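To keep things clear, I will list the structure first and then write my remarks on it.
Read the figures in this text as sums done on the coordinates, not as results from a lab. Owing to the predicted nature of the structure, the values given are computational and were not obtained by experimental measurement. Because the Cβ atoms are built from the backbone with ideal geometry, glycine has one as well, and the counts that use them run over all protein chains shown.
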Amino acid sequence: MKKLFATKIAFSAITAALVITSCNKSPYPGYELSENGVYAKFYTQTNTDLKAKEGDVVKLYMAYKNNKDSVLFDSKMNKNNGSEFIEFPLTKSSFKGSFEDALSMMSIGDSASFIISADSVYMKTFGAKEVPPYIEKGSMLNFVVKLIKITAKADAEKERNEIMKEQKALAEIRSNEETKIFADYIASNKITAKPTQSGLYYIEKTKGNGSKPPIGSTVKVNYTGRLINGKIFDTSIEATAKQANLYDKRRPYEPIEFPLGTGKVIKGWDEGISLMSVGSKGQLIIPSNMAYGEQGAGEFIPPFSSLIFDVELVSFQ
């Protein structure tokens, strides 16, 4: 009797194991299908209770590639923030088996690989209208992730508010500094030209011929832009770019072309170029509120930067 009972228990255990194996059956070797629909393979798994929830901010290393093994994104190569990690709030799952579902399985220090539907990622997670041509329809993406940090939603909001407060205070300091620096520049360079109502200065160096370009006309302009401390940040002239160590062989060095007065360039340009005639060469001294303001522009133009442009109106139509 005991022997029969033991046999029944063993048979039940084997049956249960077969059922579990059947449920977790995966077409991808080494990957297991989780309950939330994600095919996952963990390289490091700490198994702690602390997992990211909707609204928490996650910091992670991430890369993903298509089914042809082509890397589509790698945060180590991310030039936007200069860090090998990316940070963002975890949103609600966009579909069963989503990348959000994958992240919700991870603890700090975990590293894993996930196989997720490419169609669903682009159409539902990314919100694309169609799947890109380099993604085969019905294929899968392979995500590799290492979770570095989880910041609770409330803590993330508190940090964000503190950063905004600091930025506001710093912006006020920079704004006050700009006013003084701008006035000092005008005085020390003995500029006698009168500013326009907006605060823009236009100093004519070479007189042009003919009429001035009307609003809406397409103008061609050669330029060199510098900060008020003299550092050049951009130019349309190849020789100047080389001299300033800004030369980029991928870009053409030729006059910039744009419709005047339509907001395609900074306000200081729209106003300043309208004061010139063809062949005119001059200098625009532009306060930051007519340039890039409190945001600045990229790594070269800090917030509240007054700018100086040497400009030439080549032509207009």
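Of the residues M105, V57, G37, the one whose Cα sits farthest towards the positive end of the charge dipole of segment 25-153 is V57 (charges of +1 on Lys and Arg Cβ, -1 on Asp and Glu Cβ, taken about the Cα centre). Once the convex hull of all Cα atoms in segment 25-153 is built, its volume per residue stands at 116 Å³. Helix 2-23 and the longest principal axis of the C-alpha atoms of the chain enclose an angle of approximately 20°. Cα-based radius of gyration for segment 182-316, normalised by 2.2 N^0.38 Å, reads 1.01. Were the residues from L275 through F85 laid out at 0.36 nm apart, the gain over their Cα-Cα distance would be 63.7 nm. Seen against the Cα atoms of the chain and their longest principal axis, helix 153-188 is set at about 10 degrees. The slack in the chain from E54 to I186, taken as 0.36 nm per residue of separation less the alpha-carbon distance, amounts to 42.2 nm.
Multiplying each eigenvalue of the alpha-carbon gyration tensor of the chain by 5 and taking the square root yields semi-axes of 61, 23, 15 Å, largest first, rounded to whole angstroms.
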